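The values are calculated or read from the model by the stated rules, or taken from the named source; none is laboratory data. Because the structure is a prediction, the values reported are computed rather than measured. Note: ideal-geometry Cβ built from the backbone for every residue, glycine included; neighbour counts use all protein chains shown.
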Amino acid sequence: MIPLREYAGSQKYPAVNYGIIALSVIVFLLELTGGFSQEIFTRYGVVPSAIGGAFFAECYRYVTSIFIHADIWHIAGNLLFLWVFGEHIEEFLGHGRYLLFFLTAGIAGGLLHSLFYPYSEIPLIGASGAISGVMALYMLYFPRMKITVLLLFVFLVRIPAIAFISIWIVFQIWNGWMSLRMPEIGGTAYLAHIGGIVYGFIFAVFWGNKIRKQWLKRMARKAKNRNVRSAV
């Protein structure tokens, strides 16, 4: 299942979400002009074996890795999911808080991956962990939002966000579990996805209610202002 769009745009311009997308594209174009050198991935990606002995000197990798992608399909898939789900979460959190959440969710994904593969020399790259955190919040706070999904590459169907994301999360957990039972050979880093998801849930437990109340107040003020303007 591939998400294509949501059915209710946000009322605030998602500047940070578009900025993240633009930065990711720029970095990818720089990768193209320089060639897909393994050196780029090992220098700026999360390489647990390189970080373990010098965490504070190498911890920048947990941020830089978020904006590096392996190929066109990797970046296209990630940015499609971010475009579909990020807009409402930015409106919900606010611009600054959304940027902080996105980066820390990505860091959480990288840390969980490193915890389970501390001696790995395979670079972890991509925004999947951060986007997984965004999707976790989306499921919790916009569960009934309709998402257009491409099913079996043929059918377009509209389903509630909670249905799509729940299926997606089960898929990540299952594949993450299976990946632990096999030698690490690269490919999709499901544990980074799970790290982002768990971080999103923890964030919601500690700060979700407060942020939701703030968001509802903002929405009420905007609705009131629209009513006042329409009456003038």
Review point. Does the range 62-69 include one or more residues that are of a type in the set (Val, Ile, Thr), farther than 17 Å from residue 105 by Cβ and in contact with a helix residue (DSSP H, G or I) (Cβ under 8 Å, 6 or more places away or on another chain)?
Key: no
Practice item. Could you list all residues from the range 38-76 that are touching a strand residue (DSSP E or B) at 6+ places or on another chain (Cβ under 8 Å) and surrounded by fewer than 19 Cβ atoms within 10 Å (Cβ to Cβ)? Key: none
**Study point:** Which listed residue is more than 13 Å from the chain's Cα centre (by Cα) and farther than 16 Å from residue 180 by Cβ, from 86, 96, 129
**Key:** 96
Review point. How many residues does the range 124-144 hold that are part of a loop (DSSP other than H, G, I, E, B), surrounded by fewer than 24 Cβ atoms within 10 Å (Cβ to Cβ) and either out of contact with any His (no Cβ under 7 Å at 6 or more places or on another chain) or without any contact (Cβ under 8 Å) to a residue 40 or more places away in the chain (or both)?
Key: 2
Check your understanding: Which residues, counting only those in the range 18-47, are under 17 Å from the mean Cα position of the chain (by Cα), hydrophobic (A, V, I, L, M, F, W, C) and outside any helix (DSSP H, G or I)?
Key -> 46
Review point. Can you tell which of 88, 113, 95 is more than 22 Å from residue 173 (Cβ to Cβ) and either crowded, with 23+ Cβ neighbours inside 10 Å or of a type in the set (D, E, K, R) (or both)?
Key: 88
Point to revise | Residue count, the range 3-42 (criterion: modelled with pLDDT of 80 or more and more than 22 Å from residue 98 (Cβ to Cβ)) | key: 9
